[in-house]
Amino acid sequence: MGLDEVLGIWARGSGPLYDQLALAIQRRIESGELPIGTRLPSERALAKSLSVSRTTVINAYARLDDLGWLERRQGAGTWVARRVASPPGPADQAGEEARSYAVLRVLRAALEPVPGVIDLATAAFKDAEGIVDALATTSPGDIAANSELGGYLPLGFPVLRDAVAAHLSELGIATLPNQVVITTGVQQSAALLFSALARERNLVAMESLTWNGTLDLLRHLGLAALPLPPACGDDFVERAARLARTRQPGLIWLTSGFHNPTGLRFTSAHARATAELAAQTDVPIVENATLLEYRLGALPGHAVAQYAPDGPIITVGSLSKTLSPTLRLGWIRAPRHIVTRIARLKSLSDSGASLLPQIVGARLLSRSQELVGRRRQRLQANCDLLDSGLSSAIPEWTWRRPEGGLALWAELPRGTGLHFAHVAARYGVEVVPGSVFDLAEQPSATIRISLARSAGETVEAVGRLAEAWKNYRP
């Protein structure tokens, strides 16, 4: 990772910029993210990557040198000093493995909150709509009846497994409760499936633009990845079939419904072709169908399992994304023999998610059509606001109106998304650079912008993005 990625959002919006930069670097040294002996970029290189003046970097480095955090030698470079005032403790292996832009952004949002910043980076709802009503209608008898089953249910409580099976069946994916495993979200679902199916071959095939949490997990587990084009494209099946024959990955991971981050639609033709691929190959196909219900136009997205309900297809989803982030629940729908393997693995890490959220999740699923319908209307309204606002304020950007999902994918005419994200943060708005969704982590001129904030925040954010773009000097 470059220093710009390690720093994340560092500008606090008050005080000299060089002081804010110096403090950010000092904090990364204290946390161990910049270990003793790390060589830092030259003033010119860092200034360019952060879109600040060289004078800002010179003054920041000088301040850290005076305080003993850095060592500098004329013509030789700048290092994290071996005489730091508060040297970090032993390296944390998990911390070393979770050094991606996305992971560090989530951690710092909790540890170093930035007041006044509009979060257009998180493509998820932050409200608790429906939760209060669900809790109010949950009786002591409901809890007591399920408590009698005991807490050691790694597959999940029957009340929620039944509800997920019924909900998927309503969406056209015929499902029995014994095909369902309840997880803490797509991240745990992916961890279980990677461990169960991909460890032996140490190889996963997946879309080269995909949800960054999956990429972080791959790196953490030490799995190699084979890049594929998005499954919503016409050449996906041919490429996937070739990889299945020649490289035999442990699994093929794709996004159905609507693609994250691009918002493109996974059509019935894509789903049928992928279902045929599953029948022709021994490689398990896993689809992330989290955004299946969030269409932003008249045409729905599709899931592979809709066309092969009894086939070798594994489907994962998230109640946290679709219903409420407070639940922290997800699910896996899989053939029975896969469910058995997942149950064994899951019992090693936990004995099952907490009962009360699962009861609430089951109640919310019974109102899913109503809740998702309201949220979809909100997303469409915000998409209109963002579309018209960007067209007026930043007409040189290009984007395609998303067909579904929770975000808009935009391309900048110059610079990179990562560099612009740093500048945007200084103007009080956070976006995600497109490079974090790329398997190869190649520099990209793209950014992802969340549609899940309020209308007022969306309008204000467009103004801040426009101001940041006006002052962006790649």
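Residues in the range 145-160 that are outside any loop (DSSP other than H, G, I, E, B) and either of a type in the set (Gly, Ala, Ser) or at pLDDT 70 or above (or both): 145, 147, 158, 159, 160.
Counting only helices (runs of 4 or more DSSP H) that fall entirely inside the range 29-117 and contain at least 1 residues that are at pLDDT below 60, the qualifying elements are 93-97, 101-111. In the condition set (1) modelled with pLDDT of 95 or more; (2) under 23 Å from the mean Cα position of the chain (by Cα), residue 198 is compliant with all but (1). Within the range 445-472, the only residue that satisfies the criterion of being of a type in the set (D, E, K, R) and in contact with a Lys or Arg (Cβ under 9 Å, 6 or more places away or on another chain) is 453. Just to be sure before I move on: is residue 165 in a helix (DSSP H, G or I) and at pLDDT 95 or above in the structure I sent? Judged against the criteria, residue 165 is a match. Applying the condition of being modelled with pLDDT of 95 or more and in a helix (DSSP H, G or I) to the range 243-274 and asking which residue is surrounded by the fewest Cβ atoms within 10 Å (Cβ to Cβ) yields 269.
Taking the criterion of being touching a residue at least 12 places away in the same chain (Cβ under 8 Å) and charged (D, E, K, R), the residues of the range 196-234 that qualify are 199, 200, 201, 207, 216, 219. Number of residues in the range 46-80 that are under 24 Å from residue 418 (Cβ atoms) and touching a helix residue (DSSP H, G or I) at 6+ places or on another chain (Cβ under 9 Å): the value is 20. Restricting attention to the range 2-32, the residues that are of a type in the set (Lys, Arg) and open to solvent by 20 Å² or more (accessible area, probe 1.4 Å) total 2.
Total residues in the range 297-314 satisfying the condition of being farther than 21 Å from residue 258 by Cβ and surrounded by 24 or more Cβ atoms within 10 Å (Cβ to Cβ): the figure is 0.
Going through (1) in contact (Cβ under 8 Å) with a residue 12 or more places away in the chain; (2) in a helix (DSSP H, G or I); (3) open to solvent by 30 Å² or more (accessible area, probe 1.4 Å); (4) not hydrophobic (A, V, I, L, M, F, W, C) one by one, residue 189 falls short only on (3).
Among the residues in the range 147-154, are any closer than 21 Å to residue 287 by Cα, open to solvent by 10 Å² or more (accessible area, probe 1.4 Å) and touching a residue at least 40 places away in the same chain (Cβ under 8 Å)? There is no residue in the range 147-154 that is closer than 21 Å to residue 287 by Cα, open to solvent by 10 Å² or more (accessible area, probe 1.4 Å) and touching a residue at least 40 places away in the same chain (Cβ under 8 Å).
The values are calculated or read from the model by the stated rules, or taken from the named source; none is laboratory data. These numbers come from a predicted model, not from an experiment. Using ideal geometry, Cβ is built from the backbone for each residue, glycine included, and neighbour counts are taken over all protein chains shown. The accessibility values were calculated without ligands, DNA or RNA, using every heavy atom of the protein model including side chains. Shrake-Rupley method; radii C 1.70, N 1.55, O 1.52, S 1.80 Å.
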